[in-house]
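Working notes for the structure below.
The values are calculated or read from the model by the stated rules, or taken from the named source; none is laboratory data. None of these values were measured; they are calculated from a predicted model. Methodologically, a virtual Cβ is constructed for each residue, glycine included, from the backbone with ideal geometry; neighbour enumeration extends over all protein chains shown.
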Amino acid sequence: MRSDFLRLERLPDIWCPGCGNGVALRALLEAIEQLGLDPDKVVLVSGIGCSSRAPAYTAFDNVHTLHGRAIPVATGIKLANPKLTVIVITGDGDSSAIGGNHLIHAARRDVDITVVVFNNYNYGMTGGQASPLTPSSSITTTTPSGNLDRPFDLVNLAAGAGATYVARSGIYFTKHLVDHLKKAITHEGFSLVDTIVQCPTYYGRFNKRGDAAQMLVSQKDWLVLKSVAEKKTPEQLAGKVIIGEFVNIGRHGPAAASTMKEQA
Amino acid sequence: MAEKKTYKIAHNRKWCKNCGICVAVCSKHVYEMDSNDRQAIVNPQDCIGCQMCTEHCPDFALIVVEVRDE
Ligand SMILES: Cc1ncc(C[n+]2csc(CCOP(=O)(O)OP(=O)(O)O)c2C)c(N)n1
Ligand code: SF4
Ligand code: SF4
Ligand code: SF4
């Protein structure tokens, strides 16, 4: 990974020991490097949260916006200068709770940006509250007896809203993650990568998932490659989360426009 | 005959938060947590350069490079 992609003077970062955000950020920088993108044409946009601190450690132009509002700002940047590669780094809360409406409408409009969700299954920054992605029964500050709600499946949510590239990966599988980030970034149209990271301080501690290292390495056990999952029974997949590419289709925009013309 | 490759590990003590991830992901037991719960490089000679530790260190604190002596 190119160290000139980092603002070295800002390190060490503020994240807790063993927080997964740094691993996810590193994978994103690796993807940008492997794609050979011009650093002056990459813009990182984030909202608020531990995860949303990530762009500030990079040497790219970046905007740290308001909680939930990274996607509209990123949309504006892309519209103003379509030559830029615009990447949003967001948390599960930032993207699916307060920013959930922005997410689905950017997907519906097929805005040509890449959204990388650092998904730690809770609100880390504010002390471990439940988010719309927190699994049922999980313990959080706001669900001390276990989450009664069902979570969104972020992959299906983005796909249903019209995203033209959707993938999920985990930071244990760095090569898998980097590969899918590269495909998402080069994809023309709205792309999202649900990136599973650990929050050892809250989600891990509350749910007895062990320390940071155990949380990271255990991704081997509960994240299952899509190609492997296709050969398993629903019983075998209970409690597992599937990683891989779920949507990779052509843009809606021009296609929809030409259909309209034909009908007129 | 191919000689055994050797690697040099650079560890940035100022950025390391002693989280133990490198200890857990290295299959060659290059790292250990010492008695003060600080990360220590104990078997650098066994490193095979797989980059598991560098890729999973959340704090950009590790660099592993091959040593080439021509
Ligand atoms: C408008 C507004 N509402 C609430 C907050 C408080 N707040 C800050 S971060 C955050 C949640 C962050 O969770 P997530 O997006 O999952 O990121 P993480 O910290 O877990 O990386 C909340 C509710 C805020 N900063 N602004
Ligand atoms: S609270 Fe959780 S998400 Fe935030 S820095 Fe700490 S470990 Fe990471
Ligand atoms: S993974 Fe990185 S931060 Fe954690 S103990 Fe090892 S060198 Fe230190
Ligand atoms: S490169 Fe691989 S073998 Fe070498 S220290 Fe890191 S994890 Fe261990």
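The table that follows gives values for the structure above.
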quantity: Hey, residue A:153 within 14 Å of chain B (Cβ to nearest Cβ) and at pLDDT 95 or above or not; calculated: no
quantity: Region A:44-55 - residue that is away from chain B (no Cβ under 14 Å) and part of a helix (DSSP H, G or I) and, of those, surrounded by the fewest Cβ atoms within 10 Å (Cβ to Cβ); calculated: A:55
quantity: Count - residues of region A:1-43 that are assigned to a loop (DSSP other than H, G, I, E, B), more than 10 Å from chain B (Cβ to nearest Cβ) and aliphatic (A, V, I, L, M); calculated: 3
quantity: Qualifying residue in region A:59-67 (condition: within 27 Å of residue A:204 (Cα to Cα) and surrounded by 23 or more Cβ atoms within 10 Å (Cβ to Cβ)); calculated: no
quantity: Candidate set from region B:15-30 (those that are without any contact (Cβ under 8 Å) to a residue 24 or more places away in the chain and within 11 Å of chain A (Cβ to nearest Cβ)); member that is farthest from residue A:219 (Cα to Cα); calculated: B:18
quantity: Close pairs from region A:229-241: first of a type outside the set (Lys, Arg), partner in a loop (DSSP other than H, G, I, E, B), Cβ under 7 Å, at least 6 apart; calculated: A:229/A:237
quantity: Subset of region B:1-14 that is of a type outside the set (Phe, Trp, Tyr) and touching a strand residue (DSSP E or B) at 6+ places or on another chain (Cβ under 8 Å) - its residue that is nearest to the other protein chains (Cβ to nearest Cβ); calculated: B:12
quantity: Criterion violated by residue A:185 - all others in (1) away from ligand 2 (no atom under 16 Å from the Cβ); (2) within 15 Å of residue A:91 (Cα to Cα) satisfied; calculated: (2)
quantity: Hey, residue A:47 within 11 Å of ligand 1 (Cβ to nearest atom), among the small types (Gly, Ala, Ser) and within 20 Å of residue A:192 (Cβ to Cβ) or not; calculated: yes
quantity: Test for residue A:76: is it free of Cβ contacts under 8 Å to residues at least 60 places away in the same chain, over 15 Å from the mean Cα position of the chain (by Cα) and at positive phi; calculated: no
quantity: Among residues of region A:187-221, those that are away from every other protein chain (no Cβ under 14 Å), within 30 Å of residue A:37 (Cβ to Cβ) and not in a strand (DSSP E or B), counted; calculated: 4
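So that you can scan it fast, the table gives a plain yes or no per residue for (1) surrounded by fewer than 16 Cβ atoms within 10 Å (Cβ to Cβ); (2) small (Gly, Ala, Ser); (3) farther than 18 Å from residue A:198 by Cβ:
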residue	(1), (2), (3)
B:9	no, no, yes
B:17	no, no, no
B:28	yes, no, yes
B:31	no, no, yes
B:34	yes, no, yes
B:37	yes, no, yes
